[in-house]
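Working notes, structure below.
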Amino acid sequence: MSDAVTRREALKILGAGVGLIFVPIGRLEAAEPGGDYDPDKHYWGYAVDTTKCIGCCACMRACRAENDVPDGYYRTWIERYTIDAKGEVRVDTVEDEKLGFQDLEDEGDTVKAFFVPKICNHCEKSVCNQVCPVGAAYRTQDGAVLVDTKRCIGCGYCVQACPYGSRFINPRTHTADKCTLCYHRITKGLLPACVQACPKGARVFGDLNDPKSAISILLKQRRYRVLKPEMGTHPKCYYVGLDREVI
Amino acid sequence: MNYVFPNELHVTWSVMIVLYPFITGLVAGAFIVSSLYHVFGRKELKPVARFSLASAFVFLLFAPIPLQIHLGHPERSLNIMITPNFSSAMAGFGYIYSTYLVLVVLEIWFVFRGDFLARARGTGPAAWLCRVILLFDLREDDATRRADAKIAKFLAGLGIPLACLMHCYVGFLFGSLKANTWWSTALMFVIFIFSAIVSGISVLIFHYFLVSWINRWRVDASCVHALARYLWGFMIIAVALELLEVLSIAYKQTEEWEILGLLISKKLFVSYVVLQLAVFSLIPFLLLAATALFRLRDRLASGLIVTAATMLLIQVLLMRWNVVIGGQLLSKSMRGFTSYLPGIWEKEGLVMAAIIFTMPFVILYVFHRIVPLFPSSRPEAVTT
């Protein structure tokens, strides 16, 4: 009797162990929508209100934790712009989001300073999808640009083609990696981790098909821009209050 | 101030992607020299005609190796042909490469059929191998020789546009990327094909002299002079196109010039301005001009030509480096540059690149052991 209980307990522990191993691996890939999620009913968009971002890096920490992003690589990052009286622009980002932004060594006569969060723009005409030789980069019906890591050959052509520096070759999987809009979360009705983590509501995510969504309302009420419109990629990451210096 | 997007700190395309267009360039250039003889009847190129075709073949065999080593998942590389995404320029690689390889193999088969036959009639493993290559059909008469020559000429003619297509395609891979200011130019594929021809002729001259020196053969002066004149012409076009591209951007003083000017004057000053342009373009240009415009003693002219060819081989390698690596040093933030130093022993390091570049010469030597590639080493040539 005691033997049978021990065996059962051992199996439970083993099962839990195997489960723990596979849970983070499952998270690495953009999950296929399941359940009653209908991608045809949504068209996801992302907005950043640059006037609200305080550069706390909570979004970056949340993204790395949620998506197990390797150190030294970024699915999202924050840029800090400081502009002095002569119009000299300085841009930097954090090396370690756990430490956050450090004070500038020489603030000088800074007249303007602001933070700009960056992610993949999930472009409507994404050039990364165009150049992928095997079709591993693809766009879902609901507007997310994703990578099929089981098909990607790791050539890096999409990394070169992305005008926004959003892609990288993941040193663990040796495949292209990028922001997925936390597709495994949004298809379950949750917000992307970075949006969830932002304490100031600077990051706004929602359904562009829904006129009552937060993003639809924001884009109706405020003036906004997209990054590098001259690239013709039709980004779906919209920036409110963006300074002309931001590229 | 220097700012690069954080993911740009990692240079994705390294030494292997420098080597890939360099080797494909050698293929295209060597093949075109071979076709100048086989199609256009440039008889003065006869001493290197077979050698150039064999060189194109062996370099072609090794052209995809750097790509294969570079891929994150080389085991999936055939997906590029099995599940291609036709909107991608890169998806064309498998088809263009395979077509060209089949054509070159067929041309080799027809051009060297007589030599394979002669060897197949002997004994030993090489004879057996030649019998397999000939599909155990050892018939030979005037009719078969005429047919071989006719088909070889047709394939050589067909190969010229394919050689251009193959290398234009490589240039197009870079030139079509609008995200990269240093690469994005319609001239890129034209520059690539001309520099390919330069590198192909250069490697033939270099190798011809090397083999002749090792075997104490006398180089064919008229052949070498003809190659030198072609080399001079093609290098003028290649360098002029490269300079025109940069000059036009500089003159227009567009926004992109603010960062490109810095790229050229700071990050690539040594490798581009000093080495590629000033040393390895200007000096060969003057050396080849001297051999083309003045009557020099054969020995002196040969020395100048082989020096110029060797320098131009390095010039094209530098050009590939400055394009591939230079383009990645420039941040898409347009606010700064990243840095790159190649590794030595790593998977995509310099040692691996040296091994890959050496292998075609080894295969070429084995090829030469089976069927002679130079008239000087053929029995009938020795007696004449």
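The values are calculated or read from the model by the stated rules, or taken from the named source; none is laboratory data. These numbers come from a predicted model, not from an experiment. Cβ placement follows ideal geometry from the backbone for every residue including glycine, while neighbour counts extend to all protein chains displayed. Areas reflect the complete protein model, heavy atoms only, side chains present, ligands, DNA and RNA absent. Shrake-Rupley method; radii C 1.70, N 1.55, O 1.52, S 1.80 Å.
General remarks:
- Members of the stretch A:185-208 that are crowded, with 22+ Cβ neighbours inside 10 Å and assigned to a loop (DSSP other than H, G, I, E, B): A:187, A:192, A:198, A:202
- For the stretch A:38-63, a residue qualifies if it is open to solvent by 20 Å² or more (accessible area, probe 1.4 Å) and either within 12 Å of chain B (Cβ to nearest Cβ) or free of Cβ contacts under 8 Å to residues at least 12 places away in the same chain (or both), and exactly one does: A:38.
- Tally of residues being surrounded by 14 or more Cβ atoms within 10 Å (Cβ to Cβ) and out of contact with any strand residue (DSSP E or B) (no Cβ under 7 Å at 6 or more places or on another chain) across the stretch B:256-281: 16
- Qualifying residue in the stretch B:331-350 (condition: buried (at least 20 other Cβ atoms within 10 Å of the Cβ), at pLDDT 95 or above, among the aliphatic types (A, V, I, L, M) and over 28 Å from residue A:166 (Cα atoms)): no
- Inter-residue pairs, beta-carbon under 7 Å, first under 18 Å from residue B:30 (Cα atoms) and in the stretch B:150-178, second assigned to a helix (DSSP H, G or I) and acidic (Asp, Glu), 6+ apart: B:152/B:107; B:155/B:107; B:156/B:107; B:159/B:107
- Subset of the stretch B:121-135 (residues that are closer than 13 Å to residue B:109 by Cβ and part of a loop (DSSP other than H, G, I, E, B)): B:134, B:135
- Among (1) within 26 Å of residue B:29 (Cα to Cα); (2) open to solvent by 40 Å² or more (accessible area, probe 1.4 Å); (3) within 14 Å of another protein chain (Cβ to nearest Cβ) - the single one residue B:298 does not satisfy: (3)
- Scanning the stretch B:6-16 for residues that are facing another protein chain (nearest Cβ under 8 Å) and in a helix (DSSP H, G or I), we see that the one that is nearest to residue A:97 (Cα to Cα) is B:6.
- Among residues of the stretch B:66-119 being of a type in the set (Val, Ile, Thr) and within 7 Å of chain A (Cβ to nearest Cβ), the one that is surrounded by the most Cβ atoms within 10 Å (Cβ to Cβ) is B:80.
Okay, residues lined up against (1) within 13 Å of the chain's Cα centre (by Cα); (2) more than 9 Å from chain B (Cβ to nearest Cβ); (3) not hydroxyl-bearing (Ser, Thr, Tyr):
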{"position": "A:126", "(1), (2), (3)": "no, yes, no"}
{"position": "A:134", "(1), (2), (3)": "no, no, yes"}
{"position": "A:148", "(1), (2), (3)": "no, yes, yes"}
{"position": "A:160", "(1), (2), (3)": "no, no, yes"}
{"position": "A:174", "(1), (2), (3)": "no, no, yes"}
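- Looking across B:54, B:49, B:28, one residue alone is touching a His at 6+ places or on another chain (Cβ under 6 Å), under 25 Å from residue B:227 (Cβ atoms) and either more than 14 Å from chain A (Cβ to nearest Cβ) or surrounded by fewer than 24 Cβ atoms within 10 Å (Cβ to Cβ) (or both). It is B:28.
- Taking the criterion of being open to solvent by less than 20 Å² (accessible area, probe 1.4 Å) and without any contact (Cβ under 8 Å) to a residue 40 or more places away in the chain, no residue of the stretch B:226-241 qualifies.
- Residue in the stretch A:206-227 that is more than 25 Å from residue A:244 (Cβ to Cβ) and in contact with a Pro (Cβ under 7 Å, 6 or more places away or on another chain) present: no
- Highlighted here are the strands (runs of 3 or more DSSP E) found entirely within the stretch A:103-184 that include at least 1 residues which are over 20 Å from residue A:45 (Cβ atoms) and open to solvent by 30 Å² or more (accessible area, probe 1.4 Å): A:110-119.
- Condition met for residue B:200 (within 23 Å of residue B:104 (Cβ to Cβ), modelled with pLDDT under 95 and buried (at least 21 other Cβ atoms within 10 Å of the Cβ)): no
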